[in-house]
Amino acid sequence: MAKKNGTILFKCSNCGYSQPRWLGKCPDCGEWNTMEECIIDQTKVTPSGRGSATQEKIKPVNLSSVNAQDNTRFQTGIPEFDRVLGGGATKRSAVLLGGEPGIGKSTLLLQTAASVARGFGKGGKVLYVSGEESAGQIKERADRLGLDVSGIQLLCTMRLEDCLDALDSINPLFVIIDSIQTIYSAEAGLVPGTINQLKYCANEFISWVKERDSVLIMTAHVTKEGSIAGPKSMEHMVDTVISFERNDEDIRFLHAQKNRFGSIDELGIFTMSEKGLSPVLDPNSLFIIKRTDKQPAGVACTAVFEGTRVFLVEIQALTIPAKASISRIYSEKIDSGRVARVAAVLEKRCGICLSDQDIYINVAGGVRLSESSIDAALAVALYSARTDIPVTSGTAVFGELSLAGEVRPVSKTAQRIKTAKNLGFINIYSPEKAPEVTAVSDIKTLIKTVFR
């Protein structure tokens, strides 16, 4: 009874006795209705490398009879990492962490491994697989960071089969693969990093972790455009995709691009030093510049939400006459299309000419902004830069700007106002009425009110 991908076999779930056809009673142990249909896959081998792998044939079940999975989480001990993961690492999940070379992926994961191992105890429940560095290099980094690594099992190899053998023998609760592009299997060729190798090796690791209460984290290289190198299907295979970025200084940003077990809006913020990555306890200190003298023109502050936290950020604008009569927009942290739209609304509704200007936009601290609540503050910064009239210190503005010039309400206004007040902002402009807040309904009113 041969099949395309294997041979049908009936195996007793009680004693393991098998034979080629079904029987109501097991001849070996005498139990009734224990013969389960299985498939012998000739392309697979057992973990020991001998014989063919036998797996039970999967049959459909009624969805109403299935018990909901209890996605038990455990804390990694790195609060900013837990925040981005959705509250902690979820068992039976696979995480893909991407970032440019030298940004600190290995440092972050070594710190996380040490913290998790400390929580589990010295029982070898953490496995760190490195295909890029030697054991001596990793130990040197751990000593420099002052980490207790006695509970971490280290495997330095590039062969998939060695990794799977170690996983089966140790059965760890926390697995780190650094990086997936360096792992190869003879089944998919001998060159690491190819599309087939990435898909095959990632699938083997994910299949292993899905059958156990473990967590898998794989690091990945990125292209020069910043996207994860390799096939896009690899991002579909994992449960969480996390991007590790940096600004021009020693600040690191960790955010999820995909998360089946939490929000993708959370932002983890770290500072990099010789002692490793440290969480930033007061993120607003990075994004708000404290000045002792008068605030310059072209600066406006706004409140933005990143997951469950509110940040006050400073938007900076600069306008200069366009060269060769062709105006351009230079903006990395805010989408240039949004800047062009806000500039067009200002020019149409307020009569200020921006079409003959080169526009430069920056965000203090290097954080990227994408939500619509920044429209009003961006308009104020552009108007201030064009007229060279500074905004009064202690001013915060937020609201969505429509093409008709309306300043529209945004979500979670109360939390934005509360955070701004707590940080000492006394002039708050919002499209919604609230105590100690100036309500504005359109861009003309906003500009006249802010600039008196």
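The values are calculated or read from the model by the stated rules, or taken from the named source; none is laboratory data. Predicted model only: the values in this text are computed from it and were never measured. For neighbour counting, all protein chains shown are included, and Cβ atoms are generated from backbone atoms with ideal geometry for every residue, glycine included. These area figures cover heavy atoms from the full protein model, side chains too; ligands, DNA and RNA do not enter into them. Shrake-Rupley method; radii C 1.70, N 1.55, O 1.52, S 1.80 Å.
If the cut-off is 17 Å between C-alpha atoms, which lysines fall inside it for Lys412, apart from same-chain ones fewer than 8 positions away?
Lys421, Lys433
In the full protein assembly as shown, how much of Glu100 is accessible to a 1.4 Å probe, in Å² to the nearest 10?
The accessible area of Glu100 comes to roughly 80 Å².
If each of Ser233 and Ser402 carries a label point 7 Å out from its Cα toward its Cβ, how far apart are those two points in nm?
Distance between label points: 4.6 nm.
If one takes the longest principal axis of the Cα atoms in the chain, at what angle in degrees, from 0 to 90 and to the nearest 10, does the Cα axis of helix 375-387 lie?
The two axes meet at around 40 degrees.
Do any cysteines of the chain lack a neighbour Cys whose Cβ is under 4.7 Å away, and which are they?
Cys38, Cys156, Cys163, Cys201, Cys301, Cys350, Cys353
If the chain between Leu281 and Ala135 were fully stretched, how many nm would it gain, using 0.36 nm times the residue separation less the Cα-Cα distance?
Here the segment from Leu281 to Ala135 would lengthen by 49.3 nm.
Assuming R0 = 41 Å, what is the FRET efficiency of Ile264 and Arg144, from their Cβ-Cβ distance, to the nearest 0.05?
After rounding, the FRET efficiency stands at 0.80.
With r as the distance between the Cβ atoms of Ser372 and Gln257 and R0 = 35 Å, compute the FRET efficiency 1/(1 + (r/R0)^6) and round to 0.05.
With R0 = 35 Å, the Cβ-Cβ based efficiency is 0.95.
Quick one: pull the percent of accessible area on the chain belonging to carbon and sulfur, 1.4 Å probe, ligands and nucleic acids left out.
On the way: 11150 of 22350 Å².
Carbon and sulfur atoms account for 50 percent of the accessible area of the chain.
Just one of (1) -0.33, -0.43; (2) -0.38, -0.49; (3) -0.50, -0.62 is log10 I(q)/I(0) by the Debye sum over Cα atoms at q = 0.07, 0.08 Å⁻¹ as worked out from the coordinates here. Which one is it?
Looking at log10 I(q)/I(0) by the Debye sum over Cα atoms at q = 0.07, 0.08 Å⁻¹ for this model, the match is (3).
Got a sec? Charge dipole of region 312-452, +1 on Cβ for Lys and Arg, -1 for Asp and Glu; which of Ile334, Val440, Ala385 is way out at the positive end?
The listed residue farthest towards the positive side: Val440.
Show me, for region 295-303, the HN-Hα J-couplings you get by feeding each phi into the Karplus relation (A = 6.51, B = -1.76, C = 1.60, θ = phi - 60°), rounded to Hz, glycine and proline as x.
6, x, 6, x, 10, 9, 10, 8, 9
Using 7 Å Cα-to-Cβ label points, what is the Asp213/Lys294 separation (nm, one decimal)?
6.6
Suppose every K and R has +1 on its Cβ and every D and E has -1 on its Cβ; what is the size of the dipole of the chain about the Cα centre, in Debye to the nearest 20? Before the final figure, lay out the partial values.
Values: 53 positive and 51 negative charges, 171 e Å.
Using Cβ point charges on Lys, Arg, Asp and Glu, the chain gives about 820 debye.
Rolling a 1.4 Å sphere over the protein heavy atoms, what is the accessible area per residue of the chain, to the nearest Å²?
Working: 22350 Å² over 452 residues.
Solvent-accessible surface per residue comes out at 49 Å².
Counting only DSSP beta bridges with both residues in the chain, tell me the antiparallel percent, nearest 5.
Once the DSSP bridges in the chain are tallied, antiparallel ones form about 60 percent.
Length gain on complete extension for the stretch Asn196 to Cys156, per 0.36 nm per residue less the alpha carbon to alpha carbon distance?
Difference between extended and current length: 12.2 nm.
Considering the options Ile288, Phe244, Leu254, tell which one lies farthest towards the positive end of the dipole of region 200-308, charges being +1 on Lys and Arg and -1 on Asp and Glu at the Cβ, about the Cα centre.
It is Ile288, whose Cα lies furthest towards the positive end.
Whenever you get a sec, line up Tyr184, Tyr17, Tyr429 from highest to lowest accessible area (probe 1.4 Å, protein heavy atoms). Please list the in-between numbers first.
On the way: Tyr184 55, Tyr17 75, Tyr429 10 Å².
The ordering from most to least exposed comes out as Tyr17, Tyr184, Tyr429.
Tell me, what HN-Hα J-couplings in whole Hz come from the Karplus equation 6.51 cos²θ - 1.76 cosθ + 1.60 at θ = phi - 60° for each residue of region 442-452, using x for Gly and Pro?
Once rounded to whole Hz, the list reads 8, 5, 4, 4, 4, 5, 5, 6, 5, 9, 6.
Which residues' amide hydrogens lie under 5 Å from the amide hydrogen of Asp442, considering only partners 5 or more residues apart or on another chain, with H built in the peptide plane?
Here Val407 satisfy the definition.
Enumerate the lysines that Lys91 could reach by cross-link, defined here as Cα to Cα under 16 Å, with residues fewer than 8 away along the same chain left out.
Filter leaves Lys125, Lys210.
Given the whole protein assembly as supplied and a 1.4 Å probe, what does the accessible area of Glu249 come to in Å², nearest 10?
130
If I take R0 = 60 Å and measure r between the Cβ atoms of Asn203 and Ala322 in this structure, what FRET efficiency does the formula 1/(1 + (r/R0)^6) give, to the nearest 0.05?
Once the sixth-power term is evaluated, E becomes 0.70.
Helix 135-145: angle to the longest alpha-carbon principal axis of the chain, degrees 0 to 90, nearest 10?
Orientation of helix 135-145: about 40 degrees from the principal axis.
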